[in-house]
Structure formats: structure tokens, C-alpha cells
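First up is the structure itself, then whatever we jot down about it.
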């Protein structure tokens with residue numbers, strides 16, 4: 001099976017993705033992640049921390065949240081507070097580790 005390659009540049013890191021899947025699909029996936037990363041950058045634009053690792057992790061968390069919601073695994077109302085606290089602790093941990 002033929003592998004398709006796509007050059008991707010996200011947050012100043014250039015790399016090549018290879019997949020045996022449809023090249024247009026591969027482009028859409030990479031473009032979706034790039035858009036999520038840009039959303040996070042804009043959301044935290046006034047924040048002094050614009051670390052690429054933190055931005056990537058936050059974008060990844062957002063994408064996973066969307067996936068779970070689409071799969072019908074959305075947390076109940078009582079779980080939302082707990083998820084928010086865990087997410088805030090995770091962000092704090094990431095911030096401290098990047099200093």
C-alpha cells in the first residue's frame with residue numbers, strides 16, 4: 001500500500017506525516033489541529049506564557065474533549081466541576097514544569 005506524505009508546520013516545528021490514507025483526509029486532519037492550536041494561541045494571547053508545548057497540550061485536550069462529546073461520552077453535570085479542577089491542575093503542572 002502506498003504511503004502519502006504531508007509537510008506540516010505547527011508552532012514553528014516542521015515535520016512530515018506519512019499515512020496510507022487519503023491525502024485530502026490527511027490534510028484536513030493536520031489543518032484541524034493547526035486551527036485548534038491557533039484558537040488556543042488567540043485565547044491566551046494576553047498570557048505571558050506562549051510556550052509551544054503548553055499550547056499543543058491544551059489543543060490536544062480540546063480535540064479529545066470534542067471527540068468524547070461526539071461519541072456520546074460527555075460528562076454529566078456533576079463531573080464537569082471535577083474535570084475543570086483536574087484540567088486546571090494539569091495546566092498549573094505544565095506551567096511549573098516549563099519554568
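What follows is calculated from the coordinates using simple rules that are stated; it is not laboratory data. Since the model is a prediction, treat every value here as computed from it, not as a measurement.
Values for this structure:
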{"item": "Theoretical gain in end-to-end length, residue 45 to residue 13 [0.36 nm per residue, Cα-Cα removed]", "result": "9.6 nm"}
{"item": "Full-extension gain in nm, residue 32 to residue 5, via 0.36 nm per residue minus C-alpha separation", "result": "8.0 nm"}
